[in-house]
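For reference, the structure is listed below as structure tokens.
The values are calculated or read from the model by the stated rules, or taken from the named source; none is laboratory data. Small disclaimer: the values here were computed from a predicted structure and weren't measured. Cβ coordinates were reconstructed from backbone atoms using ideal geometry, including for glycine residues, and neighbour counts include every protein chain displayed. For accessibility, only protein heavy atoms count, side chains too; no ligands or nucleic acids. Shrake-Rupley method; radii C 1.70, N 1.55, O 1.52, S 1.80 Å.
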Amino acid sequence: MKDNRTFSIKRVARSFKYAFHGLKYAAKSERNFQIHLTTALLVTVCASILNINKMEWLFIFVSIFGVIALELVNSALERVVDLATDEIKPLAKQAKDLAAAAVLMYALMAAIIGVVILGPKLLHMIY
């Protein structure tokens, strides 16, 4: 019997491989994930053009990666709920709705951060 606590490059590489498979799957098949990736790209390009500082980049990246991570967790939870039951059950719906609400709240916070950081710079560029 192998000791799972022993460090193994193979095990680490395999876990990264599985994670990248998950990212690839989400990018190909999850509409909301695709929307978040597109938004992240647009915000990153805009922030680069506006030459934001290091602290502002930190907030932007925490926002982007937080939304993406939560969307992945939401998608995984939806799969688990669907696996658990084929029937429409109130608790299953609540679980899915609560996970979606978590993504929504984080995305709203990310949007506010984007507006606070990029908004004044965009306005200054326009006027």
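Observations on the model:
- Every helix of 4 or more DSSP H residues in the chain counts as -39500 (n - 2.57), and over all residues that averages to -30500 deg cm²/dmol at 222 nm.
- Under 30 Å of direct C-alpha separation, and excluding same-chain neighbours fewer than eight residues apart, Lys121 reaches these lysines: Lys54.
- Among Gly66, Gly114, Gly22, residue whose mean-square fluctuation peaks in a GNM of the chain (springs only between Cα atoms under 10 Å): Gly22
- The chain - accessible surface per residue (Å², probe 1.4 Å): 77
- Helix 31-49 vs. the chain, principal-axis angle (Cα, 0 to 90°, nearest 10): 30
- Listed residue (Ser48, Leu23, Leu91) projecting farthest to the positive dipole end of the chain, Cβ model: Leu23
- Cβ-placed point charges (K, R +1; D, E -1), dipole of the chain about Cα centre in debye, nearest 20: 600
- Percentage of interatomic Cα-Cα distances in the chain larger than 27 Å: 39
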